[in-house]
1. If contacts are Cα pairs under 8 angstrom and at least 6 residues apart, what is the relative contact order of chain A in percent?
2. At q = 0.07, 0.08, 0.11 Å⁻¹, what is the log10 ratio I(q)/I(0) for chain A, with the Debye formula run over Cα points and no solvent?
3. In the range A:261-297, which residues have a backbone nitrogen under 18 Å from the label point lying 7 Å from A:Val235's Cα in the Cα-to-Cβ direction?
4. So which residue, out of A:Asp232, A:Asp123, A:Asp42, gets the largest mean-square fluctuation from a GNM of chain A using Cα contacts under 10 Å as springs?
5. Grab the Cα-Cα distance for A:Asp105 and A:Ser260, subtract it from 0.36 nm times how many residues apart they are, and report the gain in nm with one decimal.
6. Over the range B:35-151, what is the relative contact order in percent, taking alpha-carbon pairs closer than 8 angstrom and at least six residues apart?
7. I need to check one value: relative contact order of the range A:239-344, counting alpha carbon pairs closer than 8 Å and at least 6 residues apart, in percent.
8. Rounded to the nearest angstrom and ordered from largest down, what semi-axes does the equivalent ellipsoid of the range A:145-290 get from its C-alpha gyration tensor (root of 5λ)?
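Read-outs throughout are calculated quantities, based only on the coordinates presented, and are distinct from any laboratory measurement. Just so it is clear, the structure is predicted and the values come from calculations on it, not from any experiment. Counting neighbours? That spans all protein chains shown, and the Cβs are built from the backbone with ideal geometry, glycine included.
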Amino acid sequence: MMIMNGIINFFNRYKFVCLALSTVFMMAGMCRMSITEVTIPDSGNLKANQTVPIQVVGEYEPGAKGNTQVVFAILAPSYLNLYETASLTFSSSGFNYFGETDVTDIEMIPVPDGETEVSTSLDWSSAYLAREGVQGNIGGDVKWFVFRTERTFTIDDKADDSLGDDKFIIGTVKIRFNTGSRNAKFYMGFSFCGTEKGLTLKYSDTEEYGYNPDLKKVVPVEITGGEGETDDYTVLKLISTTPTVFGFGDIFAINFDAGSTFSEDDNVYLCGKAVLSDGTEKTMEEKVSKALMEKTGTSTYRRYIYPKDFFSLGQGEEISELYVWFSNEDGSKISKEGENGHQIQEAE
Amino acid sequence: MKKIMTYLAAAAGLLLAASCQPVSTEMDPDYPSDYDISYALGKVLEKDPVNVTGIDVCPYFDFFKTFRFTIHVRGGKMSSFTIENGDVPFYPFNCVEGEEIECRFDGESSPNVLRIKETDEVIAIFDRGECYLPFQLDCEQLNYEYRFREIAE
């Protein structure tokens, strides 16, 4: 009786601590859906022009019954074009608990065009971008490259009840990709899911299945020994574009953080040089309304352009390279990178 | 009392008779069957994978003010349209400035659309009281929409 009273008193005194601890233990038991390991050579300090092996291990609790292909996504700079330069294989253990056969090093393929993610109806790359964003890569064009197994796994949660609900699939993806010729610094992201539930969120701990952010891991990567200065994707550039992906035949904004180059009263104008496909150059330095930049902050500016209109190009004239710089009205203050200005890159 | 009941019965009879009249599907003869609907650009949305609902770029370019889209209604049906591109340096699809292009209203698709006659090509979409025209320019990841506002000309 005294012991019971002691327990009751203890619970009354520390009831909130007890509740919190029990919640933590319950969540710990349920949160085995995650990427547990990312193995990348030299802690992500990679050399240019090399083929690099990366291994990612994840635990996943699939739905009670269903048919799914395993999906694996990699966030990387778009120029790396992993659909062309990377090869991926998938191995598993634990499918036997769900009435399936485990696999070893089966090939993963880029998700074919036209296949969409179930919760967003977007193509897979866009769906990942909408769900997970750019993960700190604010200074350049990055992309979620999404792969999947060709094999569909048929899962039955009741196939082996000897482990109760404590059944998970452990998936291992081995990636080999070429680091390319450029020097770059960026965050590389990895994520698992399945085609059946896609990125449908696991909303709460009462919702048994679904995607959760632990099924993603992000690691810093720096590629050195290649061409040019390091393109740092992790810091905001003084000059950026909206949207980040476009062609020279699209409408886009040039965003510019001038720092202390111009004073509060200066009208700042966008200037540019277009190299056309036949090699001729067109320069635009007129201080006219279509070049006047809109002030968006203390030292930040923006100008939307349609390049053909900005450079007054004729029908059939195509831009192959584009450079920009900035000037005040009388040209006494100019912000220009190098001889040509800052190069604006269109989507490859 | 009997008089009141008689009036009520007569009124009910009249209402019943009126409700049994077949509903006319004919257009009001005083309403013109030939007229034009003119649109200017209210918004030009640019949609990309990050900004999926779109950014309105219309205010940043004066040339969008000069664009006109006119639907010609003949015999009570949308029969053709004309695009006057003004100073806009691109066309939303292949067409000739000011050319009247025959079209048909497809009320069976949802939302309703305006198609070029004898093709499936969609020119404009009518959805929730709005008329808009989707198109692309260069990059496949970018989609544009002309969102129209009706004007009196």
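1. Computed value for chain A: 18 percent relative contact order.
2. -0.44, -0.55, -0.86
3. A:261, by backbone N distance to the label point.
4. Judging by the Gaussian network model, the answer is A:Asp42.
5. Details: separation 155, 0.36 × 155 = 55.80 nm, distance 5.54 nm.
The A:Asp105-A:Ser260 span can extend by a further 50.3 nm.
6. Here the relative contact order equals 28 percent.
7. Over the range A:239-344, the number comes to 32 percent.
8. 48, 20, 17
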